[in-house]
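Below you'll find the structure, written out as structure tokens, and then a few comments.
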Amino acid sequence: MKYGSVLDLIGHTPLVELPHLTPVDNVRIWAKLEGQNPTGSVKDRVALRMIEEGEASGGLTTDKIILEPTSGNTGISLAMVAKLRGYRFNAVMPDNASSERVSLLEAFGASITYSPGDKGSNGAVAMATEMSSDPKYFMPFQYGNQANVDAHYYGTAQEILEDLPDVKAFVAGLGTGGTLMGNSKRLKEHNPECKIFAAEPQLGELVYGLRTLDDGYIPPIFDPDKIDGKVRVKARDGILWTRELLQREGIFAGISAGAIIWVAQRVAERLSSEGGGDIVCLLPDGGWKYLSTEAWTQEIDVAEEQVEETLWW
Ligand SMILES: Cc1ncc(COP(=O)(O)O)c(C=O)c1O
């Protein structure tokens with residue numbers, strides 16, 4: 001196949017069945033592999049749409065520097081799109097982000113401003129918001145930008161419906177909320193009975209790319225009424241299920257994918273008792289950027305009691 005630009009490769013990601021990770025007979029779990037996007041994550045969709053909207057609205061012009069708080073993936077995607085469209089890009093990122101993310105951003109030519117790691121993504125948001133008062137910057141701000149939601153409404157969800165029009169449940173991680181909001185809106189328009197579930201870390205647990213609303217910041221684009229339930233995941237479960245995904249299905253995905261698969265196991269049991277059907281899990285990225293975290297090699301006490309909290313529909 002021939003393409004005019006790498007930007008044309010964004011989206012249209014494959015949907016792969018996970019037969020070895022499906023705990024019940026009348027349910028099928030499918031993984032939408034967003035790691036197949038050009039920079040290896042779902043955020044390529046969002047970066048392209050935010051930059052196109054910025055250009056269309058007149059807010060983004062070539063004299064501006066694009067500025068964005070990001071735990072990594074959005075930054076890498078913005079860096080790629082910015083380079084191809086001729087913009088400079090400055091990422092604001094917690095100083096404990098994995099080294100692969102920093103190296104990738106630098107490879108794409110981005111500058112990085114570090115926020116305190118112990119303040120997590122909220123610290124990056126606060127720092128970038130303060131910097132953005134300088135008119136030299138254009139801040140797309142994915143937490144409050146409708147283009148983030150629209151990238152999923154017009155892209156991801158539309159693709160899911162083309163492949164699986166009967167989808168009964170959708171599971172995604174909560175970061176900015178863009179994935180959950182855009183897919184919820186489109187999938188529920190198609191079928192109001194389709195259920196939407198969030199994987200959210202327990203307060204204080206580090207699951208790369210995900211955040212909890214319990215720390216007090218609700219992204220402006222996020223509306224809790226658009227989801228039907230959420231499961232709070234511990235860091236160890238995210239890691240264990242990321243390993244299961246590799247061991248049982250051969251899929252090398254990032255840590256938030258493990259958290260999402262763990263939630264899908266719970267959703268599968270519930271859906272099974274209500275007649276079964278297809279569940280789509282959105283796996284945000286591949287495992288490459290997490291190798292330095294030793295997620296696949298560190299010892300974890302698998303016998304440790306799992307205390308997770310489930311809030312159902
Ligand atoms: C690895 C990873 N997983 C999940 C998410 C959550 O996606 P969203 O921002 O659409 O809620 C992100 C986004 O920040 C991410 O980088």
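The values are calculated or read from the model by the stated rules, or taken from the named source; none is laboratory data. Predicted model only: the values in this text are computed from it and were never measured. In this analysis, Cβ positions are derived from the backbone assuming ideal geometry, glycine residues included, and neighbour counts consider all displayed protein chains. Ligands, DNA and RNA are stripped out before the accessible areas are found, and what is left, the full protein with its side chains, is counted by its heavy atoms. Shrake-Rupley method; radii C 1.70, N 1.55, O 1.52, S 1.80 Å.
Brief remarks follow.
- Residue in the stretch 21-39 that is nearest to residue 147 (Cα to Cα), counting only those that are open to solvent by less than 10 Å² (accessible area, probe 1.4 Å) and outside any loop (DSSP other than H, G, I, E, B): 34
- Sole residue being out of contact with any helix residue (DSSP H, G or I) (no Cβ under 6 Å at 6 or more places or on another chain) and within 16 Å of the ligand (Cβ to nearest atom), chosen from 9, 48, 33: 33
- When the residues of the stretch 121-143 are filtered to those that are within 19 Å of residue 203 (Cβ to Cβ) and aliphatic (A, V, I, L, M), the one that is most open to solvent (accessible area, probe 1.4 Å) is 126.
- Within the stretch 268-295, no residue that is outside the structural domain of residue 244 (by TED's automatic domain parsing) and open to solvent by less than 10 Å² (accessible area, probe 1.4 Å) sits with its Cβ atom under 7 Å from a residue that is at pLDDT below 95 and in a strand (DSSP E or B) at 6+ positions apart or across chains.
- Only strands (runs of 3 or more DSSP E) whose full extent lies in the stretch 58-120 are considered here, and the ones with at least 1 residues that are open to solvent by less than 10 Å² (accessible area, probe 1.4 Å), closer than 22 Å to residue 6 by Cα and not assigned by TED's automatic domain parsing to the domain that holds residue 284 are 65-69, 88-94.
- Looking only at residues in the stretch 236-264 that are over 20 Å from residue 34 (Cβ atoms) and in contact with a Phe, Trp or Tyr (Cβ under 9 Å, 6 or more places away or on another chain), the one that is surrounded by the fewest Cβ atoms within 10 Å (Cβ to Cβ) is 240.
- Within the stretch 194-209, the residues that satisfy the criterion of being modelled with pLDDT under 90 and under 21 Å from residue 280 (Cα atoms) are 207, 208, 209.
- Residue 182 open to solvent by less than 20 Å² (accessible area, probe 1.4 Å) and near the ligand (Cβ under 9 Å from one of its atoms): yes
- Filter pass, residue 169 being within 16 Å of the ligand (Cβ to nearest atom) and surrounded by 24 or more Cβ atoms within 10 Å (Cβ to Cβ): no
- Every residue from the stretch 40-57 that is part of a helix (DSSP H, G or I) and of a type in the set (A, V, I, L, M, F, W, C): 46, 47, 48, 50, 51, 56
- The residues of the stretch 263-292 that are in contact with a Ser or Thr (Cβ under 9 Å, 6 or more places away or on another chain) and of a type in the set (Phe, Trp, Tyr) amount to a single one, 290.
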